[in-house]
Amino acid sequence: METPRDTSAPPGDQQPPQGAHTATPNLAGSSPQRGRSSLSDSSRTGRRGDAIFKFASSGSGVLLLVIMAAIAAFLTVRAISAISANHGNFLTTAEWQTQTDPITFGIAAIALGTIISAVVAMALAVPVALGIALFISHYAPRRIAQALGYVVDLLAAVPSIVFGLWGALFLVPHMIGVNAWLNQYFSWTYVFHQNEPGTQPRSLFTVGVVLAIMILPIITAVTREIFLQVPRAHEEAALALGATRWEMIRTAVIPFGRSGIISASMLGLGRALGETMAVATVLSPSYVINFHILDPAGSTIAQNIASQFGESQGTGRDALIAAGLVLFVITLLVNGGARLIIARRKEYSGADA
Amino acid sequence: MAKRIDVSGLNAYYGGFRAVEDISMVVEPRSVTAFIGPSGCGKSTFLRTLNRMHEVIPGARVEGKVLLDDENLYGANIDPVAVRRTVGMVFQRPNPFPTMSIKENVAAGLKLNGVRNKKLIDEAVERSLRGANLWNEVKDRLDKPGAGLSGGQQQRLCIARAIAVEPQVLLMDEPCSALDPISTLAIEDLIGQLKEQFTIVIVTHNMQQAARVSDRTAFFNLSGVGQPGRLIEIDSTEKIFSNPSVQATEDYISGRFG
């Protein structure tokens, strides 16, 4: 009962509750007057910490905007200087001649190659990633799920050059058969038609396969987290209506994770669009517009920048920067589109449930 | 439509822990049976064994027999999914699907049953919402999200969703515990109407509620922490609340417990 504070307080003085004692021991202990004024004394309530944190967090936000603006300004200025020296039309020219004079370059072929390889990668990776994520979150026994989760996280950290080497040394020779099969049965789709059957499959399709394997872990990891967050109550609601496991996933899990699935896919797409080394290792580049994705042709923006940068100077480098700006814009458009899709059904998102 | 439930020698486990021990009881059709008892006495667990929802929890299992009329729900050839289509359930917290509109929520069970006919679905949606006393409040906004309704309306939406598939039995696990008194009253009135068609079993912590809505009441208890819950007695609600045959029941009901 007898604490040091009790002895220093005048007799009959009403003691504040025990919790207040421990919060402001010195104030209450030294004199009752100062104890009374503790409500108006802000120096002890951590205001300074608040101010520092506010400054730090808003400062970080502003810094990000400044960096983004600086990058965009840099890209734009250099791009404009290159485009004004360009002899061809920047948007419709397929070739990339920056060693010659006058220089002629355009993004038609490399932007197309970027988009084709990314689309192939997404088409292959997203369904498989969703399958793996659902297996980990809803089907696998807990121990297997955990182990598999670690493996997926590990794969996400493998550097892209490793995937590139694997693609060039292992996948390319093994794709010959796949290409022949696709050409034989799906040649009528135009996309899978091969101009010269039997050529080395250093094609945009093979690039797409390597990219798909590369972005698989990140999409899997993010969607798995989303699927694990689906409230148990919603799953039980579906089960109690007589849903099988798959029906429960279709009614409760996937709709709930919809915006998360889109965000995860966008993360993967961003990586696929910007991937350089893996593409450069696998592809035999050429600046032609070719929709036959099995043909060894085509090029991507990032791969083009990497392979051309060393031998370019001055305007040639600026031309590469202009291509970089296009990649920037493509990514921006894709992300904007994804946000639109998410926002359109926002009130059904379940985020507030 | 309503069926009789006959439980004999039922034990429910979570892994190695026996949560419910040796329960035998009969639930009469077209009546309301209330389960009361202290927290942790296994009444919710037991309720979930009646539509095989207990076993969706990893490691959970059930021993014993639950006869729905003459069919054992735990028989060898019984599909738990089919059981849950016959024995509907309403949960403690309203859980409409947040990604679906009001109409889609009510129609969810029908769609799972393979009903595709738009006209049939529309009719069933209206019938179920009327049955859940919600039609007049939502008929002009059937395409708005179900999560936008108030808590009491959401719970009635969940009841509409459960009765849309025309189950034989409706299980309710503390359906009013997250609701205010007015919404509670609305649900209780609804239970009174639903028992004309369904066999209803309701778990409740509110003894006035048990006294108001139920025809028969079962009292569950456990002898200590870590001990399994057991059925102490089941009788007509009037008898349980006025003159129970076991002293523990009287102690619990009169608030002299422990």
**Request:** Work out the FRET efficiency for A:Val191 and B:Ser24 from their Cβ-Cβ distance, taking R0 = 60 Å, and round it to the nearest 0.05.
**Result:** 0.35
**Item:** Residues A:Ile107, A:Ile213, sorted so that the one with the fewest Cβ neighbours within 10 Å comes first
**Value:** A:Ile213, A:Ile107
**Prompt:** In the neighborhood of A:Phe55, defined by Cβ-to-Cβ distances under 15 Å, what is the net charge if each Lys or Arg adds +1 and each Asp or Glu adds -1?
**Reply:** +2
**Complete:** In nanometres, the difference between 0.36 nm per residue of separation and the alpha-carbon distance of B:Asp6 and B:Glu137 is 43.4 nm
**Fill in**
For A:Ile71 and A:Asp153, extending 7 Å from Cα along the Cα-Cβ vector and measuring point to point gives, in nm, a value of 2.6
**Prompt:** What residues qualify as long-range amide H neighbours of A:Gly88, i.e. H under 5 Å apart, gap of 5 or more or another chain, H built at 1.01 Å from N?
**Reply:** A:Phe105
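As a test of the formula, what do you get for the protein assembly as shown when each DSSP H run with n ≥ 4 contributes -39,500 (n - 2.57) and the sum is divided by the residue count, at 222 nm and rounded to the nearest 500 deg cm²/dmol?
Details: 26 runs with 316 residues, N = 611.
The per-residue figure over the protein assembly as shown is -16000 deg cm²/dmol.
Give me A:His87, A:His174 ranked fewest to most by other Cβ atoms within 10 Å of their Cβ, as a rough exposure proxy.
Taking fewest neighbouring Cβ atoms as first place, the list is A:His174, A:His87.
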**Message:** To test your reading of the geometry: what angle, between 0 and 90 degrees and rounded to tens, separates the Cα axis of helix B:181-194 from the longest principal axis of chain B?
**Reply:** 90
**Request:** Using R₀ = 45 Å, calculate the FRET efficiency as 1/(1 + (r/R₀)^6) where r is the Cβ-Cβ separation of B:Arg93 and A:Gln200; round to 0.05.
**Result:** 0.15
**Fill in**
Gyration tensor on Cα atoms of region A:96-349, a ≥ b ≥ c root eigenvalues, a/c under 1.5 rounded, else prolate if a/b beats b/c, else oblate, says prolate
**Request:** Classify the protein assembly as shown as rounded, prolate or oblate from the Cα gyration tensor: take a ≥ b ≥ c as the square roots of its eigenvalues, call it rounded if a/c is under 1.5, otherwise prolate when a/b beats b/c and oblate if not.
**Result:** oblate
**Request:** Using a/c under 1.5 as the rounded threshold, could you call region B:161-258 rounded, prolate or oblate? The axes a ≥ b ≥ c are square roots of the C-alpha gyration tensor eigenvalues, and prolate needs a/b larger than b/c, oblate otherwise.
**Result:** prolate
**Request:** Quickly work out the B:Lys144-to-A:Gln99 label distance, labels modelled 7 Å from Cα along the C-beta direction, and quote it in nm with one decimal.
**Result:** 6.8
**Prompt:** Structure shown: which of B:Lys103/B:Lys139; B:Lys3/B:Lys195; B:Lys119/B:Lys195 lie over 18 Å apart, alpha-carbon to alpha-carbon?
**Reply:** B:Lys119/B:Lys195
**Complete:** So for R0 = 56 Å, FRET eff. of B:Ser245-A:Arg142 from the Cβ-Cβ r, to 0.05, ends up at 0.80
**Message:** For a quick check: sort B:Lys111, B:Lys43, B:Lys118, B:Lys139 by the number of other beta carbons within 10 angstrom, fewest at the front.
**Reply:** B:Lys118, B:Lys139, B:Lys111, B:Lys43
**Asked** What's the angle, to the nearest 10 degrees (0 to 90), between helix B:151-164's Cα axis and the longest principal axis of chain B?
**Response** 90
**Asked** Using 16 Å as the cut-off for backbone N distance, which residues of region B:33-49 belong to the label zone defined by a point 7 Å from the Cα of B:Tyr14 along Cα→Cβ?
**Response** B:38-49
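Values in this text are rule-based calculations from the coordinates and carry no lab data. Note that the structure is a prediction, hence the values are computed from the model and not measured. Glycine gets a Cβ as well: all are built from the backbone with ideal geometry, and neighbour counts include every protein chain shown.
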